[in-house]
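The values are calculated or read from the model by the stated rules, or taken from the named source; none is laboratory data. Quick caveat: nothing in here was measured; it's all calculated off a predicted structure. Using ideal geometry, Cβ is built from the backbone for each residue, glycine included, and neighbour counts are taken over all protein chains shown. What goes into the accessible areas is simple: the full protein's heavy atoms, side chains included, and nothing from ligands, DNA or RNA. Shrake-Rupley method; radii C 1.70, N 1.55, O 1.52, S 1.80 Å.
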Amino acid sequence: MNFRFLSKILLAIFLIFASNTVFAKTIKWSMQGDSLTLDPHAQNEGPTTQVSRQVYEALVTRGLDMSIGPQLATKWKAVDPNTWYFFLREDVKFSNGQPMTSEDVVFSILRAKQPTSDFKEYISTISSVKAIDKYTIQIKTSKPNPILLNQLSNIFVMSKKWSNENFATAPQNWDAGQETVFKKNSKWWGDVEHNITEIQLLPIKNAATRVAALLSGEIDIVTDAPVQDLNRISSSAGHKVESTPQMRTIFLGMDQAADQLRSGNTGDNPFKKKEVRQALYQAIDIEAIKKKVMRGLSEPAGIITFPGVTGYTKALDKRLPYDVDAAKQLLADAGYPDGFEVELRCPNDRYVNDEAICTAVVGMLGKIGVKVNLFAQTKSKHFKELKDDQGDFYMLGWGVPTLDSHYVFHYLYESGASWNKVNFSNADVDAAIRVMEGEVDLDKRNAAIAKAWQIVKDDISYLPLHHQVISWASKSNIDVPIRPNNEPLFRFSRVN
Amino acid sequence: MIKYFFKRLFQSAVVMLIVAFVSFSLFNFVGDPINNMVGEETSDEERSQLRESLGLNDPVHIQFSRFIVNASKGEFGISYQLRRPVSELITERLPATIELVFISALIALVSGTLLGVYTGINRKGFFSDIILAISLLGVSLPTFVIGILFIYLFAVILGILPSFGRGEVVDLGFWSTGFLTTTGLKAIILPSVTLSLFQMTYIIRLVRAEMMEILQTDYIKFAKARGLSEKSIYYKHALKNGLIPVITIAGINIGTLIAFSIITETVFQWPGMGFLFIQAVQFVDIPIMSAYLFFIAFVFVMINFIVDILYYFIDPRIRVKAEAASG
């Protein structure tokens, strides 16, 4: 064996070694929950969508700044309020090398409308989808739908051929709660901005263990770091914490329809009077809750929606001032100088520090003479009993996946709406909601949204508390841009 | 003999029936599964359709008899959350729990016996006091606190053991084992020691008490008088007799270990049955919850049944009583 031959072998070994270690960049990602399924249309649920989005793409998508932009479709147009055309990219290949055509897109949207899909309600206004040519599709809606693009950004496209071969037969044998590995697709059509080759998703249920795994270096990034551990993580060498307001607002609801409170002592329903609702509002010291309960990680809210949602303005989000004396006066004016008694229902495992927030509210309302009895329980019971109309006074949080005010009005304010448990009803607001659903002229639509917000804000139908803040903790060399919907986009992430 | 056997079998069946009823009742009293299965925006008609298709609208006795028939076949329906057969999920998670429990029982038995003998012999020693004090901590500190302490010490500060998971597993087809890889072996150390502490304390104290009692007996004194070596007296003659109750207790407690593993598995993200159960509780995934309850009860009933039958052969007094009764 001569020297040149030997050096060739050594070089080859070095290259293999180098390509595995120097160029392989892995991100180990952990959060509390796991995806429920790898089927992109089966479950409309937070972590599941987060996982699907690392693998699948939609016609349009939200970028890092949360604005809608092209993804599999390069452009689109609505020829009339009910008919849309989408023009597809022609260079997209699935990871098995098969090129994507309009047939796959049509198949995917129809698949998401199947009775077993969790997205069927979500895109219920889509009445027909058809392929016009190889790279053009037409979508018809049953009524004008201004938020169609929002909705389509969550409908993932999969290969028709592959799906029929693999999904049609049996449920997949994949075990939730354990390791899921994502490998880089070298056939991807876009400009690669990341430098990673692999993502490993390792869910860890217990918060203390999750933090320990991050600190010991077994995990690179945690996308639901517990509030109480943030200081310790950021003070540990080689780790950092990033925070941003989340797309969820926490608030309290008061039933204004019942003639008598189920848990009251006055024989009537004080919540019917706006003065009472305002008194409770002004008696809550939201800055104290932010400082003591949320450790600074919350943004006090004036309305039940947050920056980034169509219709949100800073002026609307301004709260009434905290003023105990004014609150007492309002109560007296309303005819309850000695206050009243009511039960506050709260979940204790749904929102960040939910039970602690309620406990703080109990003390604050006690100062104006309203005796609040706290009833905190697990989320599955809390929400069921709320649905069954058992709550006088309750906590709820609301996220807006479509980033449009309609989502808030349609569920929380419309007469008889499924989560309108304060039983708010106002003909002007209902009319404005109809406009939001049908009006494609954006100026008119925005005017309707602004009007509706002003009505419900003035009425104090709910007591807004704060917008939640999310925090991601990671190693210092990991750069994953934080996003308000808590969804990492690893295609923009870097390992340094 | 046959009568005794059937009597025990009948008692076991009654217990299982009661457990079956309790696990069935879960379907009716723990939250509303429909709320967890569908999104918040699902209409009321769709909710009632789903109730109908899951059979939640049938009368209680029909639901119960359907439950019993399916349970006896090992079928507990489809998980609400994961949409997969529960029996399949449980068999997938079984190896992780069994391996954890096996190693824990082994650690508890071996170290518990050794430390028990040591403290039994050196009753006033300095080390005995320390062992007993630490073992007291093992019983009084909750498992999750011990688990977290271990994680911080061995994973975060020392960085020598993994803080979560099962490491690499080798799939043997019918069984997935972590015993064949280094990462798998490393991963099992912390959870199994955590889980074993309670048992270990129990065994230390039991062995210690047995040893102290036995060392006072005449035959030990006689052995000493005969000039046998200390080693031979302690480990051959004394320990042998002291171990009989220990083995009985340890056997029965394997059931307890499986049940206790819920907490340990959650702390260490150990992908076993207990972990599956905790996930199910939070999602109100009743098919998994009731299947788990049923399974744990079955393990307990089976162990008790086997122990009862073994007693019949081991302890002549029971045999005589049983025969007199049938006589």
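Express in Å², to the nearest 10, the accessible area of A:ARG262 obtained by rolling a 1.4 Å probe over the protein heavy atoms while all chains stay in place.
Here the residue's solvent-accessible area equals roughly 120 Å².
Farthest toward the dipole's positive end in the protein assembly as shown, which of A:ALA332, A:TRP84, B:ALA96, given Cβ charges of +1 (Lys, Arg) and -1 (Asp, Glu) about the Cα centre?
It is B:ALA96.
Once the mean 1/r over all distinct Cα pairs of region A:251-380 is inverted, what Kirkwood radius in angstroms do you read off?
Mean inverse Cα-Cα distance, inverted, gives 15.6 Å.
Over chain A, what is the mean sequence separation of C-alpha contacts under 8 Å (at least six apart), divided by residue count, expressed as relative contact order in percent?
Contact order relative to length: 20 percent.
How would you rank B:246-252, A:327-333, B:161-167, highest first, on the average number of other Cβ atoms within 10 Å across their residues?
Put in order of decreasing packing, that is B:161-167, A:327-333, B:246-252.
For chain B, with a Gaussian network of springs between Cα atoms less than 10 Å apart, report the residue from B:LEU106, B:LEU115, B:LEU153 with the top mean-square fluctuation.
B:LEU153
Across region A:461-474, in residue order, what do the Karplus-derived ³J(HN,Hα) couplings come to in whole Hz, using 6.51 cos²θ - 1.76 cosθ + 1.60 with θ = phi - 60° and x for Gly and Pro?
Result, rounded to whole Hz: 5, 10, 9, x, 10, 8, 8, 6, 10, 9, 10, 10, 10, 8.
What helices does chain B hold that run 20 Å or longer along their axis, going by alpha-carbon atoms, with a Kyte-Doolittle average of 0.5 or more, using DSSP H for the helix calls?
B:2-29, B:86-121, B:126-140, B:182-214, B:239-267, B:286-314
Suppose each label sits 7 Å from its Cα in the direction of the beta carbon; what would the B:TRP175-A:ARG491 distance come out to in nanometres?
In this crude label model, B:TRP175 to A:ARG491 measures out at 4.5 nm.
What fraction of the DSSP beta bridges in region A:246-469 is antiparallel, stated in percent and rounded to the nearest 5? The partial results should precede the final answer.
Working: 15 of 25 bridges.
If we restrict to bridges inside region A:246-469, about 60 percent are antiparallel.
Leaving ligands, DNA and RNA out of it, rank B:PHE275, B:PHE10, B:PHE283, B:PHE174 by accessible area with a 1.4 Å probe, largest first.
Descending order: B:PHE174, B:PHE10, B:PHE283, B:PHE275.
What number do you get for chain B when its Cα radius of gyration is normalised by 2.2 N^0.38 Å, N = residues?
Relative to the 2.2 N^0.38 Å estimate, chain B comes out at 1.22.
Counting only Cα, what are the radius of gyration and maximum Cα-Cα distance Dmax of region A:453-496, in Å?
17.6, 52
Could you put A:MET100, B:MET302 in order of accessible surface area, largest first, with the 1.4 Å probe and the full protein assembly present?
If we order A:MET100, B:MET302 from most to least accessible, we get B:MET302, A:MET100.
Just to make sure I understand: if all protein chains stay in place, what is the order of A:ILE219, B:ILE68 by accessible area at 1.4 Å, largest first?
Result, largest first: B:ILE68, A:ILE219.
Between B:LEU9 and B:THR182, what FRET efficiency follows from the Cβ-Cβ distance if R0 is 41 Å, with the result rounded to 0.05?
In this case the efficiency is close to 0.35.
Could you calculate the contour length gain from B:ILE247 to B:ARG66, that is, 0.36 nm times the residue separation minus the distance between their Cα atoms, to one decimal place in nm?
61.2 nm is the gain from fully extending B:ILE247 to B:ARG66.
Could you give me the radius of gyration and the Dmax of chain A, taking only the C-alpha atoms into account and expressing both in angstrom?
25.9, 103
Please report the accessible area of B:SER72 (heavy atoms, 1.4 Å probe, ligands and nucleic acids excluded) in Å², nearest 10.
Solvent-accessible area, nearest 10 Å²: 100 Å².
Please list the non-local residues whose amide H lies under 5 Å from the amide H of A:MET100, H modeled 1.01 Å from N, same-chain partners needing a gap of 5 or more.
For A:MET100, whose amide H was placed from the backbone, the distant partners under 5 Å are A:VAL92, A:LYS93, A:PHE94.
Using only Cα atoms, figure out Rg for region A:246-469 and give it as a multiple of 2.2 N^0.38 Å.
It is 0.97.
Given an 8 Å cut-off on Cα distances and at least 6 residues of separation, report the relative contact order of region A:221-290 as a percent.
Relative contact order of region A:221-290: 14 percent.
Given bins 10 angstrom wide, list per bin the percent of all Cα-Cα distances in region B:102-169, short to long.
17, 35, 36, 11, 1
At 1.4 Å probe size, with no ligands or nucleic acids counted, give the accessible surface of B:SER25 in Å², nearest ten.
Rounded to the nearest 10, that gives 20 Å².
Please tell me the relative contact order of chain B in percent, rounded to the nearest whole number, where contacts are Cα pairs under 8 Å and at least six residues apart.
In percent, rounded to a whole number, it is 28.
What do the square roots of 5 times the Cα gyration tensor eigenvalues come to for region B:217-327, in whole Å, largest first, as semi-axes of the equivalent ellipsoid? Please report the intermediate quantities before stating the final value.
Working: eigenvalues 350, 118, 8 Å².
Gyration-tensor ellipsoid for region B:217-327: 42, 24, 6 Å.
For each pair in A:LYS290/A:LYS318; A:LYS120/A:LYS143; A:LYS93/A:LYS183; A:LYS292/A:LYS475; A:LYS120/A:LYS444; A:LYS93/A:LYS130, compute the distance between the two Cα atoms and list the pairs where it is over 18 Å.
Those over the limit are A:LYS292/A:LYS475; A:LYS120/A:LYS444; A:LYS93/A:LYS130.
May I ask you to derive the FRET efficiency for B:LYS321 and A:VAL55 from their Cβ-Cβ distance with R0 = 41 Å, giving the value to the nearest 0.05? Intermediate results must be reported in sequence, preceding the final value.
On the way: r = 67 Å, r/R0 = 1.63.
Between B:LYS321 and A:VAL55 the formula returns 0.05.
I want the antiparallel fraction of DSSP beta bridges within the protein assembly as shown, as a percent rounded to 5. Working shown, then result.
Details: 56 of 72 bridges.
In the protein assembly as shown, DSSP labels about 80 percent of beta bridges as antiparallel.
Which part of region A:69-91 falls in the paramagnetic zone of A:GLN138, meaning amide N under 14 Å from the point 7 Å along Cα-to-beta-carbon?
A:77-87
Report the FRET efficiency, 1/(1 + (r/R0)^6), for B:ALA209 and A:SER415, where r is their Cβ-Cβ distance and R0 is 56 Å, rounded to 0.05.
Computed FRET efficiency for B:ALA209 and A:SER415: 0.15.
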